[in-house]
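The block underneath contains the structure these notes are about, expressed in structure tokens.
The values are calculated or read from the model by the stated rules, or taken from the named source; none is laboratory data. The structure displayed is predicted, hence computed values, not measured ones. Neighbour counts are summed over all protein chains in view; Cβ atoms, including those assigned to glycine, are modelled from backbone coordinates with ideal geometry.
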């Protein structure tokens, strides 16, 4: 990695860099030109574990293929918003894309089943489901649309609720609460059911929306709250863990089909290893970030998740999404987490 690359891994560089220049580019010593020069896009700040582990995988892929595959990483929505990138992975402008399941669900609705409100009580539940039948179901739904999921799911973490105006301790505190959600129907519906006023906003606009008080609050995993510095424009963080979200690494099928079988196996193997490492990073950060964010002025609020889940169960949320996801997917979900609703 060059000195320029290391310097690029800062928020300031992200904001200052031109859209046409990669913030992070893996270049190694080589004799012959690479057979494949590819683009890997993410929406996360360069300091996020997603990008750290993606960089490591990219380096291992280049080494293992003898320099035949060179991948440039474009973090922080440099190539466009999450929605833009979903279009780019389909048309081949981007070769790999790390995207939240909650956003991918805007194009492939059944993927949103992993975002069912208060479905997962712990990471034991999450990985039992995602490395098992639920993960297979989601992968099949993605690939039925002609897009590849090139490795196992990475971890976007449990989502927590932040606010600049009020503590959210009970469902009643959400009444009329103006908040940002990603452009994901299931998250919009979840907070509507609980009485809040959710507004879908692309992630690259979240900080300014909070800063200018377009919305009072938002919801994201702690790692995102930290790396995007949302604590600068928020006062409270309620530990609701209302939704778990996956990161899914998509591949353009035309790109992948150009690889020989051995290269396909290398790419999948190294991205799987990166995913395992990123999962461990997020689990560790979920524990350490609370004290770090407290030191930065964010006030944490403990909540009774069972009260929120009970309030949600009294609405049509579970029955409506059961119908939308279909009997097969819902049965697989409940086999992993228990009866919902």
Evaluate the following for residue 83: is it part of a strand (DSSP E or B) and either over 24 Å from residue 201 (Cα atoms) or under 17 Å from the mean Cα position of the chain (by Cα) (or both)?
-> no
Residue in region 161-174 that is within 21 Å of residue 43 (Cβ to Cβ) and buried (at least 19 other Cβ atoms within 10 Å of the Cβ) present = yes
Working carefully through the options 271, 298, find the one that is in contact with a helix residue (DSSP H, G or I) (Cβ under 6 Å, 6 or more places away or on another chain), buried (at least 20 other Cβ atoms within 10 Å of the Cβ) and closer than 29 Å to residue 163 by Cβ.
-> 298
Do any residues in region 73-94 that are free of Cβ contacts under 8 Å to residues at least 60 places away in the same chain and on the phi < 0 side of the Ramachandran plot have Cβ atoms under 9 Å from those of residues that are surrounded by fewer than 20 Cβ atoms within 10 Å (Cβ to Cβ) and not in a loop (DSSP other than H, G, I, E, B), where the two are at least six apart or on different chains, and which pairs are they?
-> 73/25; 74/25; 93/87
Of the residues that make up region 53-69, is at least one at pLDDT 95 or above, in contact with a strand residue (DSSP E or B) (Cβ under 9 Å, 6 or more places away or on another chain) and assigned to a strand (DSSP E or B)?
-> yes
If we scan region 206-215, do we find a residue that is under 17 Å from the mean Cα position of the chain (by Cα), under 30 Å from residue 57 (Cβ atoms) and at pLDDT below 95?
-> no
In region 180-193, which residues are touching a residue at least 40 places away in the same chain (Cβ under 8 Å) and either surrounded by fewer than 24 Cβ atoms within 10 Å (Cβ to Cβ) or under 16 Å from the mean Cα position of the chain (by Cα) (or both)?
-> 182, 183, 184, 185, 186, 187, 189, 193
Would you mind stating whether residue 294 is part of a helix (DSSP H, G or I) and touching a residue at least 12 places away in the same chain (Cβ under 8 Å)?
-> no
Quickly run through region 297-317 and pick out the residues that are part of a helix (DSSP H, G or I) and in contact (Cβ under 8 Å) with a residue 24 or more places away in the chain.
-> 305, 307, 308, 309, 311, 312, 313, 317
